[in-house]
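Just below is one structure, and these are the notes that go with it.
The values are calculated or read from the model by the stated rules, or taken from the named source; none is laboratory data. Just so you know, these numbers come straight off a predicted model, no measurement behind them. Methodologically, a virtual Cβ is constructed for each residue, glycine included, from the backbone with ideal geometry; neighbour enumeration extends over all protein chains shown. Just so you know, the surface numbers come from the protein's heavy atoms only, side chains and all, with ligands and any DNA or RNA stripped out. Shrake-Rupley method; radii C 1.70, N 1.55, O 1.52, S 1.80 Å.
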Amino acid sequence: MIIGLLGIQGDLEEHAEATRKAFLSLGLEGRVLLVRTPEELRRTDALIISGGESTTMWKLLKKSGLFEDLRMYQNPLFGTCAGLILLASGGVGDSEKTGQEFLGKIDAVVNRNAFGRQRESFSVDIEFDDFSSPFHAVFIRAPVIESLGPRGEVLSTYNGKIVAARQDHVLITAFHPELTDDVRVHEYFIRMAASSK
Ligand code: GLN
């Protein structure tokens, strides 16, 4: 399996490392491909969109033509933080003001920087779907998922806010699972991607 990593911005090396480790721990064959062109995107079986600055990422994707290719992309997707914002279907609050477009890959309305200025970055143990122990989640100027469509499934909440969700083969997390040594969320995505083939 080839997992693409959208190479625009963000913790690319950390995501690549976490994905490689997750392939190993699952005992699956797979590799990571940095994606910067439509050609590279076509070679992937699934794609991760990292954090960064969502409006900047949107502008760069528009410029390179990748935005339209991503709209058509049918394979499994995993968006973290700014990646979550791009995959969403709409925005409220700050996300509405910027006028950025959304890929609409998951029926979710998001609000960027929703944890406010006082708590820009923090980390906390959260429950995640069926994980047998909490996951240490790192939040950096994180968005929240304000609402999910009827096909969406909440995977994690923090302080009453949805911070991880999935719909079919699209996974989104408001936090950065690539910033800890725990690769269970990457394993979760790989399993999702493998089972949708
Ligand atoms: N606040 C950023 C945005 O709105 C996301 C931050 C992140 O990806 N760590 O794009």
Rounded to a whole %, the carbon-and-sulfur portion of the accessible area of the chain at a 1.4 Å probe is 47
Beyond 20 Å, the calculated P(r) of the chain holds a percent of Cα-Cα pairs equal to 50
To the nearest Å², the heavy-atom accessible area per residue of the chain with 1.4 Å probe amounts to 44
Per its Cα gyration tensor (rounded if a/c is under 1.5, else prolate when a/b beats b/c, else oblate), the stretch 17-104 is best filed as prolate
The ratio Rg/Rh over the Cα atoms of the stretch 111-197, Rh being the Kirkwood inverse mean 1/r radius, stands at 0.96
By the C-alpha gyration tensor axes a ≥ b ≥ c (rounded if a/c is under 1.5, else prolate when a/b exceeds b/c, else oblate), the shape of the stretch 94-162 is oblate
Taking a straight Cα-to-Cα line shorter than 30 Å from Lys21, and setting aside same-chain lysines fewer than 8 residues away, one finds Lys105, Lys161, Lys197
In debye to the nearest 20, the charge dipole size for the stretch 90-197, taken about the Cα centre with +1 at each Lys and Arg Cβ and -1 at each Asp and Glu Cβ, equals 240
Measure of exposure for Asp11: accessible area at 1.4 Å probe, Å² rounded to 10, is 40
Restricted to the chain, the DSSP antiparallel beta bridge percent, nearest 5, is 55
Ranked output for segments 17-30, 51-64 by mean other Cβ atoms within 10 Å, highest leading, reads 51-64, 17-30
With +1 on the Cβ of every Lys and Arg and -1 on the Cβ of every Asp and Glu, the dipole magnitude of the chain about its Cα centre, in debye rounded to the nearest 20, is 480
Under the Karplus relation with 6.51, -1.76 and 1.60 and θ = phi - 60°, whole-Hz ³J(HN,Hα) for the stretch 5-19, x at Gly and Pro, equal 10, 4, x, 8, 7, x, 7, 5, 5, 5, 5, 4, 5, 4, 5
Lys and Arg at +1, Asp and Glu at -1: neighbours of Ala16 with Cβ under 12 Å from its Cβ sum to -2
